[in-house]
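Report on the following structure.
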Number of protein chains: 2
Amino acid sequence: MGQDNFTRQKRFLTGGGGGLPINNYDAAGGGRNRGFPGMPRGRQMHKRFNNMKITILCGFVTILVLRGTIGVGNLGSSEEEAVNQHLIEETNRILAEIRSDSDPTDPDGAAETELNPNVTYTLGPKISDWDQQRKVWLSENPGFPNFANGKALILLVTGSPPKPCDNPIGDHYLLKAIKNKIDYCRLHGIEIVYNMAHLDKELAGYWAKLPLIRMLMLSHPELEWIWWMDSDAFFTDMVFEIPLSKYDNYNLVIHGYPDLLFQQKSWIALNTGSFLFRNCQWSLDLLDAWAPMGPKGPIRDEAGKVLTANLKGRPAFEADDQSALIYLLLSQKDQWMDKVFVENQYYLHGYWAGLVDRYEEMMEKYHPGLGDERWPFVTHFVGCKPCGSYGDYSVDRCLRSMQRAFNFADNQVLKLYGYRHRGLLGPNIKRIRDDTTTPLEIVDQLDIRRSVNGKTESKS
Amino acid sequence: MGQDNFTRQKRFLTGGGGGLPINNYDAAGGGRNRGFPGMPRGRQMHKRFNNMKITILCGFVTILVLRGTIGVGNLGSSEEEAVNQHLIEETNRILAEIRSDSDPTDPDGAAETELNPNVTYTLGPKISDWDQQRKVWLSENPGFPNFANGKALILLVTGSPPKPCDNPIGDHYLLKAIKNKIDYCRLHGIEIVYNMAHLDKELAGYWAKLPLIRMLMLSHPELEWIWWMDSDAFFTDMVFEIPLSKYDNYNLVIHGYPDLLFQQKSWIALNTGSFLFRNCQWSLDLLDAWAPMGPKGPIRDEAGKVLTANLKGRPAFEADDQSALIYLLLSQKDQWMDKVFVENQYYLHGYWAGLVDRYEEMMEKYHPGLGDERWPFVTHFVGCKPCGSYGDYSVDRCLRSMQRAFNFADNQVLKLYGYRHRGLLGPNIKRIRDDTTTPLEIVDQLDIRRSVNGKTESKS
């Protein structure tokens with residue numbers, strides 16, 4: 001490692017899991033990117049403005065024709081054209097306003113806090129007695145226990161940006177993804193928080209989960225586990241249940257491979273698209289140690305270079321939360337790893353590309369409840385980015401695959417009701433069981449919650 | 001009423017709440033509309049195809065420029081142009097495939113059942129002992145009680161079509177609407193089912209809720225109430241709780257006005273955008289009596305004429321579920337009304353146009369928990385149709401208003417976490433409380449669930 005790398009690394013790590021020392025940092029100033037995931041600003045603003053004008057213009061025609069396509073009135077009348085034109089103007093004007101950062105009715109348009117380069121970034125005031133605070137609170141609030149039906153309380157946290165997706169189909173798949181999560185969580189007694197707020201302008205994008213997790217831990221002491229799940233991850237095993245008792249002595253459960261982590265130092269050794277944090281002091285400390293590479297701009301850019309230099313296979317780009325966590329756990333292994341469970345016995349995160357084409361084979365040979373390569377617990381569409389425009393895979397392949405995962409999961413929910421999808425791609429469903437005047441016989445056999453509570457496997 | 005009307009009406013009602021007698025019916029045949037809400041087919045197919053070609057063509061340019069707008073590479077290189085072109089082709093091809101009804105991998109593309117005009121349409125086999133079946137089941141399954149924490153079990157049911165919205169912004173507001181419902185239901189211990197399946201091709205569109213409600217009742221005997229809520233309705237009072245004990249002697253709770261119903265016979269006397277059905281025999285019977293006007297095509301068209309002729313202010317269009325219910329309850333008043341609670345003490349359904357402009361005034365003068373015109377429980381965007389293209393109001397006004405309702409509600413959720421939106425239109429939030437090392441003091445004061453359970457009002 002050259003001196004340059006060493007100096008950079010030292011900036012991001014401190015001995016006691018504290019913050020990022022940036023006193024010596026020569027902040028570039030200016031040109032700092034703000035706003036949500038990766039949108040360029042500054043010198044590209046002019047280009048962006050011109051492109052937006054063209055977009056709006058073509059959007060006119062698109063909406064006009066769409067309206068004509070599904071309309072029931074006569075096309076071509078001048079009155080209808082005037083109405084269409086008005087519709088188009090209104091839609092685009094309000095879309096532009098929603099997309100913009102400014103709220104004309106709100107005088108406080110500026111960012112809430114300016115990052116002071118001479119002060120180490122922190123997620124919030126340091127709390128050192130969270131275990132004690134929580135313990136006292138739980139004892140004083142028996143109406144809010146941290147267990148229910150013999151299970152520790154889990155909160156599933158996910159989210160997406162508050163603005164419409166750049167690719168319109170993205171919002172449709174965000175909707176399908178949350179419907180999918182609603183189904184799983186209903187069957188397993190898990191509550192959901194869907195976040196659409198920018199809690200911290202510095203930790204935007206994939207880093208946004210850190211302040212969110214911290215906030216939820218501190219506001220919901222009754223929760224034993226906070227489970228972060230990306231918006232592009234789908235539950236595909238509706239029966240499988242996380243074996244929580246396996247993690248009694250751990251505070252972080254994350255999918256990954258120890259050899260990839262410790263031997264290869266690979267940047268994909270762990271996946272932060274689906275992981276669980278125990279609500280405890282240790283987790284607060286880890287979040288504090290994790291956050292310093294996150295603040296957008298020069299800090300995140302520089303941190304990215306450190307990560308690329310030290311993690312195998314990592315491309316050159318700004319620091320992402322996953323690489324930063326891997327780097328942290330490698331660098332401070334003795335401090336953290338005894339409480340980290342690197343799980344790969346089931347697909348807490350299942351990389352989609354190796355799974356989605358095998359769903360028919362799975363349906364033929366196996367059954368829900370396995371959670372592993374035979375019937376993946378979670379299928380995660382890493383790299384697809386349906387909400388944006390620059391995924392790593394073809395749009396066609398991604399959309400088809402997400403639709404297949406959705407249907408594959410939905411079949412498991414519809415089964416109780418006597419339906420299934422005709423195929424894995426289309427929306428249509430068909431009956432798999434005649435309607436009956438005694439529906440409760442079926443309910444006893446098929447309700448997933450009964451098999452989960454009774455700890456018996458349900459056959460597909 | 002002329003003889004013509006009388007004959008039509010007689011077709012749709014039977015004395016005992018049975019089905020629709022269509023033996024004398026001269027079914028028009030052909031031209032029956034199938035598929036989801038109001039998309040014209042048949043003779044408009046050719047027009048539609050041409051319009052779709054134009055749409056795709058302009059969609060090319062739109063996506064191309066969008067990609068250029070948010071891209072980070074150089075615009076104009078031939079390689080980039082080729083990639084863009086490919087992206088465009090893929091997106092449109094898969095979108096077209098998803099939108100179409102046919103699944104190329106699935107041989108069974110046809111509708112599942114053909115409606116026989118000589119047989120009265122029914123939702124399913126007639127069940128006559130549902131109260132008894134349910135009672136026995138509950139006694140045999142103490143692990144699935146119909147009460148929890150002293151409250152009867154409620155399931156909130158909502159949904160949207162399985163295909164992307166024609167207006168792209170529609171999916172974004174469907175997403176915001178379900179996030180809003182997730183928040184309310186989490187705070188009040190209510191489970192959610194988000195339906196995206198066409199259970200019954202005959203009862204498509206607004207009628208789809210009927211087979212859905214029936215299916216859920218019969219599959220979930222532990223549920224005491226099924227609460228249908230439209231996808232365009234937002235919770236705007238996060239504290240207010242439905243006073244269930246008020247309805248101990250009722251089986252249907254629906255927002256409306258008795259004078260509009262009985263004196264004026266108005267087609268908007270009740271609103272089926274938000275109502276509760278008790279899970280019992282009476283409800284199954286009402287659903288059976290309600291459904292016959294629903295089957296799409298000549299039946300629904302003819303039924304529409306009856307409804308327009310008999311309900312004040314109703315425009316001429318096919319039968320909708322709301323008008324049909326009003327007509328049924330008027331025509332068979334003695335049979336049903338003793339178990340129907342027409343509620344208007346709070347906004348179980350709150351018509352948006354009179355509410356959304358007063359949110360700032362409400363925040364100034366009142367507080368959550370009131371549920372009425374001072375702080376509406378539900379704000380329902382009747383007529384906006386953000387998923388389609390032909391709403392009854394301007395797109396601008398609708399989108400702004402929905403965003404305001406969303407933020408107004410979100411503020412009540414964010415309060416616990418120490419944030420609020422800067423204004424009611426934009427996405428940005430700001431801190432309203434300093435972060436602290438003792439967060440649990442605030443939690444005790446602000447967690448809505450604590451005020452709900454302790455039956456104290458929470459001040460805004």
- Scanning the stretch B:140-169 residue by residue, the ones that are in a strand (DSSP E or B) and either more than 11 Å from chain A (Cβ to nearest Cβ) or surrounded by fewer than 20 Cβ atoms within 10 Å (Cβ to Cβ) (or both) total 6
- Query: Taking A:Thr113 and the conditions (1) crowded, with 19+ Cβ neighbours inside 10 Å; (2) at pLDDT below 55; (3) β-branched (Val, Ile, Thr), which numbered condition does it fall short on, given that it satisfies the others?
  - Reply: (1)
- Task: Scan the stretch B:421-437 for residues that are more than 7 Å from chain A (Cβ to nearest Cβ) and surrounded by fewer than 20 Cβ atoms within 10 Å (Cβ to Cβ) and report the count.
- Result: 3
- Task: Would you be able to say whether some residue in the stretch A:188-199 is within 10 Å of another protein chain (Cβ to nearest Cβ), closer than 29 Å to B:Ile192 by Cβ and touching a Cys at 6+ places or on another chain (Cβ under 9 Å)?
- Result: yes
- Message: Taking the criterion of being part of a loop (DSSP other than H, G, I, E, B) and either under 30 Å from A:Gln412 (Cα atoms) or more than 10 Å from chain B (Cβ to nearest Cβ) (or both), would at least one residue in the stretch A:122-139 satisfy it?
- Response: no
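Among the residues of the stretch B:447-457, is any buried (at least 16 other Cβ atoms within 10 Å of the Cβ) and more than 21 Å from B:His188 (Cβ to Cβ)?
No: the stretch B:447-457 contains no residue that is buried (at least 16 other Cβ atoms within 10 Å of the Cβ) and more than 21 Å from B:His188 (Cβ to Cβ).
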- Yes/no for A:Ala269 being buried (at least 21 other Cβ atoms within 10 Å of the Cβ), in contact with a helix residue (DSSP H, G or I) (Cβ under 9 Å, 6 or more places away or on another chain) and over 29 Å from A:Asn180 (Cα atoms): no
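Scanning the stretch A:309-350 for residues that are of a type in the set (Ser, Thr, Tyr) and buried (at least 19 other Cβ atoms within 10 Å of the Cβ), which turns out nearest to A:Met229 (Cα to Cα)?
Residues of the stretch A:309-350 of a type in the set (Ser, Thr, Tyr): A:323, A:327, A:331, A:346-347.
In the following step, the residues that additionally are buried (at least 19 other Cβ atoms within 10 Å of the Cβ) were identified as A:323, A:327, A:346-347.
Details: A:Ser323: 17, A:Tyr327: 21, A:Tyr346: 16, A:Tyr347: 13 Å.
Residue satisfying both the conditions and the ranking: A:Tyr347.
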- Item | From B:Leu210, B:Leu223, residue being at pLDDT 95 or above and part of a helix (DSSP H, G or I) | B:Leu210
- Quick count over the stretch A:272-283, residues being out of contact with any Ser or Thr (no Cβ under 7 Å at 6 or more places or on another chain), surrounded by 23 or more Cβ atoms within 10 Å (Cβ to Cβ) and not hydroxyl-bearing (Ser, Thr, Tyr), is 4
- Just one listed residue, out of A:Phe235, A:Phe240, is at pLDDT 95 or above and within 14 Å of another protein chain (Cβ to nearest Cβ), and it is A:Phe235
- Looking at (1) farther than 30 Å from A:Glu202 by Cα; (2) buried (at least 24 other Cβ atoms within 10 Å of the Cβ); (3) not basic (Lys, Arg), find the lone condition where A:Met362 falls short. (2)
- Message: Can you confirm whether A:Leu218 is away from every other protein chain (no Cβ under 12 Å) and not basic (Lys, Arg)?
- Response: no
- Among residues of the stretch B:439-454, those that are more than 7 Å from chain A (Cβ to nearest Cβ) and either among the charged types (D, E, K, R) or touching a helix residue (DSSP H, G or I) at 6+ places or on another chain (Cβ under 8 Å) (or both), counted: 9
- Query: Of the residues A:Gly383, A:Gly391, A:Gly426, which single one is over 14 Å from A:Phe240 (Cα atoms) and touching a Cys at 6+ places or on another chain (Cβ under 6 Å)?
  - Reply: A:Gly391
- Filtering strands (runs of 3 or more DSSP E) wholly in the stretch A:342-460 for at least 1 residues that are among the aromatic types (Phe, Trp, Tyr) gives A:419-421
- Item | Those residues of the stretch A:122-139 which are farther than 27 Å from A:Lys201 by Cβ and surrounded by 12 or more Cβ atoms within 10 Å (Cβ to Cβ), in sequence order | A:Asp129, A:Asp131, A:Gln133, A:Arg134, A:Lys135, A:Val136, A:Trp137, A:Leu138
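Just wondering, is there one or more residues in the stretch A:230-247 that are closer than 26 Å to B:Val443 by Cα and surrounded by 23 or more Cβ atoms within 10 Å (Cβ to Cβ)?
No, the stretch A:230-247 contains no residue that is closer than 26 Å to B:Val443 by Cα and surrounded by 23 or more Cβ atoms within 10 Å (Cβ to Cβ).
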- Message: Condition (residue is in a helix (DSSP H, G or I) and crowded, with 22+ Cβ neighbours inside 10 Å) applied to the stretch B:194-207: is it met by at least one residue?
- Response: yes
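The values are calculated or read from the model by the stated rules, or taken from the named source; none is laboratory data. Please read all numbers here as calculations on a predicted model, not as lab measurements. Glycine also receives a Cβ, built like all others from the backbone with ideal geometry; neighbour counts cover every protein chain displayed.
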